[in-house]
Amino acid sequence: MRKEKEIIKDLELQNAYLVTAHRHAQRITRELDNHGVPWAIATSGQREVAVARLLAAGIRRPQVMITCDDCTQGKPSKEPYTRAADLLGVAPEDCIVIEDTLVGITAGKAARATTIAVTTTYPRTFFGEVPDMVIESLGEIIVSADGVFVNRS
């Protein structure tokens, strides 16, 4: 199993340069930084691959990044999100989880965070009633000195 995991990691690293950021992701992370809003990434991927993909996408590595290397249980367990919140120094219920998969939304809900599903990977119907909110695009996310909001216009 270990050998297979290393082979997959090597292939993912070789192709990391192909990753592009979702439209608005760079803006959102930059605005979070500019307004001093703490943020984290919680991914089921391996740390080395996640860092390579962030670099390729032009997104700064956040202060806190939880990967499969940091958890005993991955998504849909709440562990990735509760660990991230703990390292940020905030309560999970004060966090917003933005996800494009049902397993990620389920993990966010288990952590008692507010969950926003974005339909960049799956259609709205895929998420059912699980997320607190569903948006079509990260462009609907607004970051200001007052917090993080969703523009529903």
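What is the packing order of peptides 81-90, 22-31, 9-18, taking the mean over residues of other C-beta atoms within 10 Å and listing the highest first?
In decreasing order of mean packing, 81-90, 22-31, 9-18 become 81-90, 22-31, 9-18.
Which order do peptides 103-109, 114-120, 126-132, 146-152 fall in by mean Cβ count within 10 Å, highest first?
Taking the mean over residues of other Cβ atoms within 10 Å, the ranking is 103-109, 114-120, 126-132, 146-152.
In whole angstrom, how far apart do the alpha carbon centroids of region 127-153 and region 9-47 sit?
If we compute the Cα centre of each part, the gap is 18 Å.
Full extension from R30 to Q63: what is 0.36 nm times the residue separation minus their Cα-Cα distance, to one decimal in nm?
Full extension of this stretch gives 10.6 nm more.
Can you pull the percent of Cα pairs in region 1-150 with separation above 19 Å?
When all Cα pairs of region 1-150 are counted, 55 percent exceed 19 Å.
For the chain, what does the helix formula give at 222 nm: sum of -39500 (n - 2.57) over DSSP H segments with n ≥ 4, over the residue count, nearest 500 deg cm²/dmol?
On the way: 6 runs with 57 residues, N = 153.
Taking each H run of at least 4 residues, the total per residue is -10500 deg cm²/dmol.
Computed from the coordinates by the stated procedures, all read-outs in this text should not be read as laboratory data. Since the structure is predicted, the reported quantities are computational estimates derived from the model, not experimental observations. Positions of Cβ are backbone-derived with ideal geometry, glycine not excepted, and every protein chain shown enters the neighbour counts.
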